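Asker: Can you keep this structure in mind? I'll have questions shortly.
The values are calculated or read from the model by the stated rules, or taken from the named source; none is laboratory data. All figures in this text were calculated on a predicted structure; none of them were measured in a lab. Positions of Cβ are backbone-derived with ideal geometry, glycine not excepted, and every protein chain shown enters the neighbour counts. SASA here: full protein model, heavy atoms, side chains in, ligands and nucleic acids out. Shrake-Rupley method; radii C 1.70, N 1.55, O 1.52, S 1.80 Å.
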Amino acid sequence: MSPKRGDRAAPPAIAGEYELRFAESAAADGWEQLARQAPANLRRAYDALRADPRSKTSPERQHRLKGFLASASWKGQELERWQYEVTGGGWIWYVIDDERRTVWLTYAGTGHPRATE
C-alpha cells in the first residue's frame, strides 16, 4: 500500500528495528480505528512491535498464538503469528518475517478477529 497525499508519514526503521507493514487493506482500516479509539496505546504497541515483535515482557498483552493459529503462510513462507492486545477489545495480529525484518500486520481492529470465534 503506497502512501498518498494526506496520509500519515511513518518513521523509517532504524538499526535493529523491524519495519511494520499492512498485509491487508482491512488491517490498515482497523489500524485507523484503533488510532482514533486509543492513540497512546496504539503508539506503545507500534514501538513494542518495532523493537521486539517476540517480546515476552508483557505476555498478557503480547504473545504467540496457539494451535493452528500459531503460524500462517505469507509470501510462500510459514511464519510465526503473534498478537498484541492494544486495549481490552482492540487487537493486532501479525506475522514476523525475520529475513526482511518486517512485521506484517494481518489484522488490526477494535474487536477480536473472527478466526478465534
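Asker: Sort out which residues of the range 24-46 are open to solvent by less than 70 Å² (accessible area, probe 1.4 Å) and either at pLDDT below 95 or not in a loop (DSSP other than H, G, I, E, B) (or both), and write them in order of number. Please lay out each step first, then the result.
Answerer: Start the filter on the range 24-46 by keeping residues that are open to solvent by less than 70 Å² (accessible area, probe 1.4 Å), which leaves 26-28, 30-31, 34-35, 38, 40-42, 45-46.
Answer for the range 24-46, where residues must be open to solvent by less than 70 Å² (accessible area, probe 1.4 Å) and either at pLDDT below 95 or not in a loop (DSSP other than H, G, I, E, B) (or both): Ala26, Ala27, Ala28, Gly30, Trp31, Leu34, Ala35, Ala40, Asn41, Leu42, Ala45, Tyr46.
Asker: Within the range 14-23, how many residues are farther than 14 Å from Trp93 by Cα and open to solvent by less than 40 Å² (accessible area, probe 1.4 Å)? Reasoning before the result, please.
Answerer: Taking the range 14-23 and keeping what is farther than 14 Å from Trp93 by Cα, we get 14-19.
Imposing the further condition that a residue be open to solvent by less than 40 Å² (accessible area, probe 1.4 Å) reduces the set to 18.
Counting residues in the range 14-23 that are farther than 14 Å from Trp93 by Cα and open to solvent by less than 40 Å² (accessible area, probe 1.4 Å) gives 1.
Asker: So Ala13 fits all but one of (1) out of contact with any strand residue (DSSP E or B) (no Cβ under 8 Å at 6 or more places or on another chain); (2) at pLDDT below 95; (3) assigned to a loop (DSSP other than H, G, I, E, B); what number is the exception?
Answerer: Every condition holds for Ala13 apart from (1).
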